[in-house]
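Peer 1: The structure under discussion is supplied below as structure tokens; questions concerning it will follow.
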Amino acid sequence: MPLSAHTLSSLPSNVKVPNYDRTAHAPGVVHLGLGAFHRAHQAMVFDHLLATGDTRWGIHGIGMTRPDLVNQLRAQDGLYAVRVADGTGVKWQVPGALWRMNVAATERDAVVQAMAAPATRWVTLTVTEKGYTPALGQLLLDGLRLRQQGGLPGITVASCDNLQGNGHKLQALVKATATAQDGELLRWMDAHCAFPCSMVDRIVPASTAEVLAAASQALGLRDDASLSTEGFWEWVIEDRFADPSDAALLHNAGVRVTGDVHSYEEAKLRMLNGSHTAMALMGAITGRPFIASCIGVPDIREFVYRLMGQEVAPHLSRSDWADYRDALIARFGNPYLKHSVHQIATDSSQKIPQRWPPSVLGQIAKGASFEHHALAAAVFVRYTLGVDEQGQAYTLNDPQAKSLMALGAAQRTEPEACVRALLAREDLWGSALPQHAAWIARVTHWHQQVLQHGVDAAVQQLLSTAA
């Protein structure tokens, strides 16, 4: 029997379930990007707010392209179980904040109407870095236009993706979509809508057969949409809301509301996401399937520790970076999080520009070592071969896969030319690094070591020679 509104009352008493009416009110949040991360992060914050009796935080969830996921959730009345597991133990919870669902690719008008619904107060987004397209700008602009034409209040539009200054980028994207006829709409938007920057942090792997089986055992029901996550979560959001009273509500729910999102987002992008990408690429090449299996190797753990402490931290404004680093090391090793290295390596060409170059440039400006990032870049070049060290092929799931693999194919015969070609790409490294001879030389050196001796031997060599 599947999990649904009808079977919710049959769950064991140790499973936390929604204690509020999920049918009496219209959703107040439209969320674009109905993936695992949102459902185990913001949806659980909104579930907490609903549990306090504030009925304005139900979610109208929008899958951007995946009808299969939306159909799965519809069949379960928007319910799904989340396993929260770490060193302190295992808990199961069924958040109830997801009330309605649509697919943007096939039900666009329903999405626009949802953004323009009188009850809607917020639009949140987790569409990934590659999702910030003119089509997204047009979708949001159409929804806001309908609100303005209907004489409705402005709303908070909050990006929750891994982009620095994501609120500013999202607002600029919407404005760039506008035409000369949209002057009045843009003035209304500036006066009544808010685009706060935010940073979100929680490790949420794609679901697996093991998670589905564990959910079935814990619930006594079938749950095809169950997820597993860690106990840690963080949401830092700029104190900029269409309704200023939302700040206190979010703060009371555990969200950090601040005027300084930047120091948190840069730490997350460069420490968590930057080291995640490096480990994912190492794991893909060495045949280690999960982040926990990478960080479980002492040399890789030491590499990540030094990468964060020696090359990233000196350029951060987050004052508690050492505690954050140590917490990350522990989180990466969580045995319950089967976080696939190939999932994390997805879209690396879109992620690396945000995650590595700022630290490398900071080290160059100080005259300090950037060896750990040079090795990470060499591993990325090796990754474009599309085959691991055991000879097993893997797929590059990346918008630039075709061009990356075309360049990577030359590694066996012309490795130095391949490195130079990839390092010359300003879309990956910005404008300064492709001109920096020492950077190119060190990446070339480490690429040669990786090709000749393997990733593990190259990491060992770095650790033995680095201070």
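Peer 1: Kindly indicate whether any position in the range 251-264 is outside any loop (DSSP other than H, G, I, E, B), of a type outside the set (Val, Ile, Thr), modelled with pLDDT under 95 and surrounded by 19 or more Cβ atoms within 10 Å (Cβ to Cβ). Give the steps one after another, and end with the answer.
Peer 2: We begin by selecting, within the range 251-264, every residue outside any loop (DSSP other than H, G, I, E, B); these are 251-252, 256-258, 262-264.
Next, only the ones that are of a type outside the set (Val, Ile, Thr) stay: 251-252, 256, 262-264.
When the remaining residues are screened for being modelled with pLDDT under 95, the result is 262-264.
Now drop any that are not surrounded by 19 or more Cβ atoms within 10 Å (Cβ to Cβ), which leaves 264.
Yes, some residue in the range 251-264 is outside any loop (DSSP other than H, G, I, E, B), of a type outside the set (Val, Ile, Thr), modelled with pLDDT under 95 and surrounded by 19 or more Cβ atoms within 10 Å (Cβ to Cβ).
Peer 1: Let me ask something additional. Could you tell me whether any residue of the range 349-367 is surrounded by fewer than 18 Cβ atoms within 10 Å (Cβ to Cβ), on the phi < 0 side of the Ramachandran plot and among the charged types (D, E, K, R)?
Peer 2: Within the range 349-367 (the criterion being surrounded by fewer than 18 Cβ atoms within 10 Å (Cβ to Cβ), on the phi < 0 side of the Ramachandran plot and among the charged types (D, E, K, R)), the answer is yes, since at least one residue qualifies.
Peer 1: Another question, if that's okay. For the range 408-448, how many residues are in contact with a Cys (Cβ under 7 Å, 6 or more places away or on another chain) and surrounded by 19 or more Cβ atoms within 10 Å (Cβ to Cβ)?
Peer 2: So the count comes out to 2.
Peer 1: Right, here's the next one. Taking residue 189 and the conditions (1) assigned by TED's automatic domain parsing to the domain that holds residue 83; (2) part of a helix (DSSP H, G or I); (3) surrounded by fewer than 20 Cβ atoms within 10 Å (Cβ to Cβ), which numbered condition does it fall short on, given that it satisfies the others?
Peer 2: (3)
Peer 1: With (1) more than 16 Å from the chain's Cα centre (by Cα); (2) surrounded by 18 or more Cβ atoms within 10 Å (Cβ to Cβ) as the list, and residue 248 as the residue in question, which single condition is left unmet?
Peer 2: Only one criterion in (1) more than 16 Å from the chain's Cα centre (by Cα); (2) surrounded by 18 or more Cβ atoms within 10 Å (Cβ to Cβ) is unmet by residue 248, namely (2).
Peer 1: Name the residue that is surrounded by the fewest Cβ atoms within 10 Å (Cβ to Cβ), counting only residues in the range 120-148 that are part of a loop (DSSP other than H, G, I, E, B) and within 22 Å of the chain's Cα centre (by Cα). Quick ask: steps written out before the conclusion?
Peer 2: Residues of the range 120-148 that are part of a loop (DSSP other than H, G, I, E, B), as a first pass: 120-121, 126-128, 132-133.
Narrowing further to those that are within 22 Å of the chain's Cα centre (by Cα): 126-128, 132-133.
Numbers: 126: 22, 127: 22, 128: 18, 132: 20, 133: 12.
Selected residue: 133.
Peer 1: Can you say whether residue 117 is farther than 30 Å from residue 269 by Cα, of a type outside the set (Phe, Trp, Tyr) and either crowded, with 20+ Cβ neighbours inside 10 Å or in contact with a Leu (Cβ under 9 Å, 6 or more places away or on another chain) (or both), as far as the supplied structure shows? Break it down stepwise before answering.
Peer 2: Values: farther than 30 Å from residue 269 by Cα: yes; of a type outside the set (Phe, Trp, Tyr): yes; either crowded, with 20+ Cβ neighbours inside 10 Å or in contact with a Leu (Cβ under 9 Å, 6 or more places away or on another chain) (or both): yes.
Criteria met by residue 117.
Peer 1: Suppose we filter the range 427-450 for residues that are within 18 Å of residue 303 (Cβ to Cβ) and touching a Lys or Arg at 6+ places or on another chain (Cβ under 7 Å); how many remain?
Peer 2: Residues meeting the conditions: 2.
Peer 1: Among the listed residues 417, 406, 365, identify the single one that is free of Cβ contacts under 8 Å to residues at least 12 places away in the same chain, in a helix (DSSP H, G or I) and within 20 Å of residue 452 (Cβ to Cβ). Explain how you work it out, then say what you get.
Peer 2: Values: 406 fails: within 20 Å of residue 452 (Cβ to Cβ); 365 fails: within 20 Å of residue 452 (Cβ to Cβ).
Testing whether each residue is free of Cβ contacts under 8 Å to residues at least 12 places away in the same chain, in a helix (DSSP H, G or I) and within 20 Å of residue 452 (Cβ to Cβ) leaves just 417.
Peer 1: Scan the range 203-221 and tell me whether some residue there is over 28 Å from residue 74 (Cβ atoms) and either over 23 Å from the mean Cα position of the chain (by Cα) or assigned to a helix (DSSP H, G or I) (or both).
Peer 2: No, because not a single residue in the range 203-221 is over 28 Å from residue 74 (Cβ atoms) and either over 23 Å from the mean Cα position of the chain (by Cα) or assigned to a helix (DSSP H, G or I) (or both).
Peer 1: Would you pick out the residues in the range 328-361 that are assigned to a helix (DSSP H, G or I), over 16 Å from the mean Cα position of the chain (by Cα) and in contact (Cβ under 8 Å) with a residue 60 or more places away in the chain?
Peer 2: Within the range 328-361, the first condition is being assigned to a helix (DSSP H, G or I), and the residues that meet it are 328-332, 341-345, 348-355, 357-361.
Filter once more, keeping what is over 16 Å from the mean Cα position of the chain (by Cα): 329-330, 357-361.
Result: 330, 357, 358, 359, 360, 361.
Peer 1: Mind checking which residues of the range 294-313 are among the β-branched types (Val, Ile, Thr) and either buried (at least 24 other Cβ atoms within 10 Å of the Cβ) or in a helix (DSSP H, G or I) (or both)?
Peer 2: First, pick out the residues of the range 294-313 that are among the β-branched types (Val, Ile, Thr): 295, 297, 300, 304, 312.
Residues satisfying the conditions are 295, 300, 304, 312.
Peer 1: Here's a check for you: in the range 112-163, which residue that is touching a residue at least 60 places away in the same chain (Cβ under 8 Å) and hydroxyl-bearing (Ser, Thr, Tyr) is farthest from residue 25 (Cα to Cα)?
Peer 2: Step by step, filter the range 112-163, then rank; the result is 128.
For (1) surrounded by 18 or more Cβ atoms within 10 Å (Cβ to Cβ); (2) not in a strand (DSSP E or B), each residue gets a yes or a no:
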{"residue": "49", "(1), (2)": "yes, yes"}
{"residue": "53", "(1), (2)": "no, yes"}
{"residue": "61", "(1), (2)": "yes, no"}
{"residue": "85", "(1), (2)": "yes, no"}
{"residue": "95", "(1), (2)": "yes, yes"}
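Peer 1: Separate question: Give the range 178-202 a look and list any residue that's of a type outside the set (A, V, I, L, M, F, W, C) and under 29 Å from the mean Cα position of the chain (by Cα), or say none.
Peer 2: Taking the range 178-202 first, the residues of a type outside the set (A, V, I, L, M, F, W, C) are 179, 181-184, 187, 190, 192, 196, 198, 201-202.
Within the range 178-202, 190, 192, 196, 198, 201, 202 qualify.
Peer 1: Then there's this: Look at the range 424-462 and say how many of its residues are without any contact (Cβ under 8 Å) to a residue 60 or more places away in the chain, closer than 21 Å to residue 351 by Cβ and either of a type in the set (Gly, Ala, Ser) or not in a helix (DSSP H, G or I) (or both).
Peer 2: Counting residues in the range 424-462 that are without any contact (Cβ under 8 Å) to a residue 60 or more places away in the chain, closer than 21 Å to residue 351 by Cβ and either of a type in the set (Gly, Ala, Ser) or not in a helix (DSSP H, G or I) (or both) gives 3.
Peer 1: Can residue 325 be described as more than 19 Å from residue 462 (Cβ to Cβ) and either assigned to a helix (DSSP H, G or I) or of a type in the set (Asp, Glu) (or both)?
Peer 2: Numbers: more than 19 Å from residue 462 (Cβ to Cβ): no; either assigned to a helix (DSSP H, G or I) or of a type in the set (Asp, Glu) (or both): yes.
Answer is no for this residue.
Peer 1: While we're here: Out of the residues in the range 162-179 that are modelled with pLDDT of 95 or more and aliphatic (A, V, I, L, M), state the one that is nearest to residue 10 (Cα to Cα).
Peer 2: Ranking the candidates gives 170 first.
Peer 1: May I ask you to say which residue of 173, 140, 163 is farther than 22 Å from residue 352 by Cβ and of a type outside the set (Phe, Trp, Tyr)? Don't jump to the end; show me each part of the working.
Peer 2: Values: 173 fails: farther than 22 Å from residue 352 by Cβ; 163 fails: farther than 22 Å from residue 352 by Cβ.
Unique residue meeting the criteria: 140.
Peer 1: Same structure again: I'd like to verify a number: residues in the range 390-444 that are closer than 22 Å to residue 129 by Cα and of a type in the set (Phe, Trp, Tyr), how many?
Peer 2: Within the range 390-444, residues that are closer than 22 Å to residue 129 by Cα and of a type in the set (Phe, Trp, Tyr) number 1.
Peer 1: Mind checking which residues of the range 1-40 are polar (S, T, N, Q) and either more than 11 Å from residue 99 (Cα to Cα) or within 27 Å of the chain's Cα centre (by Cα) (or both)?
Peer 2: First pass over the range 1-40, keeping only residues polar (S, T, N, Q): 4, 7, 9-10, 13-14, 19, 23.
Once the filter is applied, which keeps residues that are polar (S, T, N, Q) and either more than 11 Å from residue 99 (Cα to Cα) or within 27 Å of the chain's Cα centre (by Cα) (or both), the range 1-40 yields 4, 7, 9, 10, 13, 14, 19.
The values are calculated or read from the model by the stated rules, or taken from the named source; none is laboratory data. Computed from a predicted model, the values in this text were never measured in an experiment. Counting neighbours? That spans all protein chains shown, and the Cβs are built from the backbone with ideal geometry, glycine included.
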